[in-house]
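Colleague: What follows is a structure written as structure tokens; I'll ask about it next.
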Amino acid sequence: MRRKDLLGLQDLSKEEINRILDVAARFRSVSERRIKKVPPLRGRTVVTAFFEDSTRTRLSFELAAKRLSADTLNFSAKGSSTAKGETLMDTARNIDAMRPDAIIIRHAAAGAPHMLARAFPCAVINAGDGINEHPTQGLLDLLTMRDHLGDLQGRTVAIVGDVYHSRVARSNLFGLRALGARVRVAGPGTMCPPGLSELGAEVCHGIDEVVEEADVIMMLRIQRERMGPAMMSSSREYSRFYGLDLERLKRARPEVLVMHPGPINRGVEMSPDVADSTRSVILEQVTNGLAVRMALLYLLLGGEEAPDAAS
Ligand code: CP
């Protein structure tokens, strides 16, 4: 891969996306073995630097690096010198001084990974920057859709909910458009930012409008930590107008895929019976997240040949 960093899906070509997904698909087998470790990143050091909370992304990046035999260092803003007032750039300079090969960063400020990528020689991977992008989530979502649907050209993906605050929605939109999919977005007016049409999405305001034609329904998390009180009157009202329950799901195609990036607010974005239904591929998304992150670390840190699961 001829990139130093992965900062977003906005500038990735169809070929680059498919290359990452192909390598990820091959790495899945490593996690099915009794000894779940392969050697290609032996002697390399990967740092996860999380300035925002995470379960899936942080754990799967750490596990991906370990399965490829890299050494891992985990920085979490809570309990670090960030609490004493150290700036992001000073923290990053100190991490860089330990000569890592890759820094994986999640930060509330859009553009934080881009700043690090310009300043330091190691690979920088964006694990979510504010409301901008979450490219590895986009890639794992694309892999999950591709597993079930094959080529995504001409497929219809409905993205529903708090689009305004969703870096997941933005990365998916860029990736899906690059692969030729039709993207239909629905959410309350306060949660649909301007400019979505210019990015290639069809903007609809009712969930029922998008559910019926969709091959995939991607429900987004309500991001309470990023919104003021004016954006949503109550969870109950949101759920009534924009939540996915079994009644709404009955109107969808019988083979529709239901996705959610997690963590789910059960009973708000979707009812528990939908989250746990046979249409839900939410835990497959998590499994694919590990494979996608293995593929990215492998490709960014020098692996070029088709890995054959890197022996
Ligand atoms: N989907 C996602 O980014 O989950 P975490 O916040 O748990 O990493």
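Colleague: Using a Gaussian network model on the chain with a 10 Å cutoff between Cα atoms, which of GLY128, GLY175, GLY195 fluctuates the most?
Modeller: GLY195
Colleague: Then there is this: Pick from SER235, SER69, SER271 the residue whose mean-square fluctuation is largest in a GNM of the chain, springs joining Cα atoms under 10 Å.
Modeller: So, out of SER235, SER69, SER271, the one fluctuating most is SER235.
Colleague: In addition: Determine, from the Cβ-Cβ distance of GLU247 and GLN153 and an R0 of 41 Å, the FRET efficiency 1/(1 + (r/R0)^6), rounded to the nearest 0.05. If you can, show how the numbers build up before the last one.
Modeller: Numbers: r = 32 Å, r/R0 = 0.77.
So, using R0 = 41 Å, E works out to roughly 0.85.
Colleague: Moving on to the next point. How much accessible surface area, in Å² rounded to 10, belongs to the heavy atoms of PHE120 with a 1.4 Å probe?
Modeller: That residue has around 20 Å² of solvent-accessible surface.
Colleague: Additional query: Only loop residues by DSSP count here, and only those with at most 15 other Cβ atoms within 10 Å; note down the chymotrypsin sites (Phe, Trp or Tyr not before Pro) in segment 1-53 that meet that. It would help to have the intermediate numbers written out before the result.
Modeller: Details: sites: PHE27, PHE50, PHE51; in loops: PHE51.
Answer by residue number: there is no such site.
Colleague: Diagonalise the Cα gyration tensor of segment 125-241 and give the resulting equivalent ellipsoid semi-axes, square root of 5 times each eigenvalue, largest first, whole Å. Show your work: numbers first, answer last.
Modeller: Values: eigenvalues 102, 57, 30 Å².
Three semi-axes, in Å: 23, 17, 12.
Colleague: When the expected Rg is taken as 2.2 N^0.38 Å, what fraction or multiple of it is the alpha-carbon Rg of segment 184-267?
Modeller: 1.10
Colleague: Moving on. Report the label-to-label distance for ASP90 and GLU202 in nanometres (one decimal), using points 7 Å from each Cα along the Cα→Cβ vector.
Modeller: For the pair ASP90/GLU202, the computed spacing is 5.2 nm.
Colleague: Could you pull the Cα extents of segment 42-119 along its three principal axes, largest to smallest, in whole Å?
Modeller: If we take the Cα atoms of segment 42-119, the spans are 34, 26, 23 Å.
Colleague: Let me ask you something else. Across the chain, how many lysine pairs separated by 8 or more positions, or lying on different chains, have Cα atoms within less than 21 Å?
Modeller: Details: LYS4/LYS14; LYS4/LYS66; LYS36/LYS66; LYS37/LYS66.
Total qualifying Lys-Lys pairs in the chain comes to 4.
Colleague: Calculate I(q)/I(0) for the chain by the Debye formula, one identical point scatterer on each C-alpha and no solvent, and give its log10 at q = 0.11, 0.15, 0.16 Å⁻¹ to two decimals.
Modeller: Those come out to -0.66, -1.19, -1.32, one per q.
Colleague: 222 nm [θ] for the chain, helices only, -39500 (n - 2.57) per DSSP H run of 4+, per residue, to 500? Mind dumping the intermediate values first?
Modeller: Values: 11 runs with 110 residues, N = 311.
Counting only the DSSP helices, I get -10500 deg cm²/dmol.
Colleague: On to the next question. Quick one: how many Å² of HIS260 are accessible to a 1.4 Å probe, rounded to 10?
Modeller: 0
Colleague: Highest mean first, how do 206-213, 287-294 rank when packing is the count of other Cβ atoms within 10 Å averaged over residues? The partial results should precede the final answer.
Modeller: Details: 206-213: 15.9, 287-294: 25.6.
Result, highest mean Cβ count within 10 Å first: 287-294, 206-213.
Colleague: Please list log₁₀ I(q)/I(0) at q = 0.09, 0.18 Å⁻¹ for segment 64-171, using the Debye equation with identical point scatterers on the alpha-carbon positions.
Modeller: At q = 0.09, 0.18 Å⁻¹ the computed log10 ratios are -0.32, -1.00.
The values are calculated or read from the model by the stated rules, or taken from the named source; none is laboratory data. Given the structure is predicted, the values throughout are model-derived calculations rather than measurements. Here Cβ is always computed from backbone atoms with ideal geometry, including for glycine, and neighbour counts include all displayed protein chains. All accessible areas refer to the heavy atoms of the entire protein, side chains included, with ligands and DNA or RNA removed. Shrake-Rupley method; radii C 1.70, N 1.55, O 1.52, S 1.80 Å.
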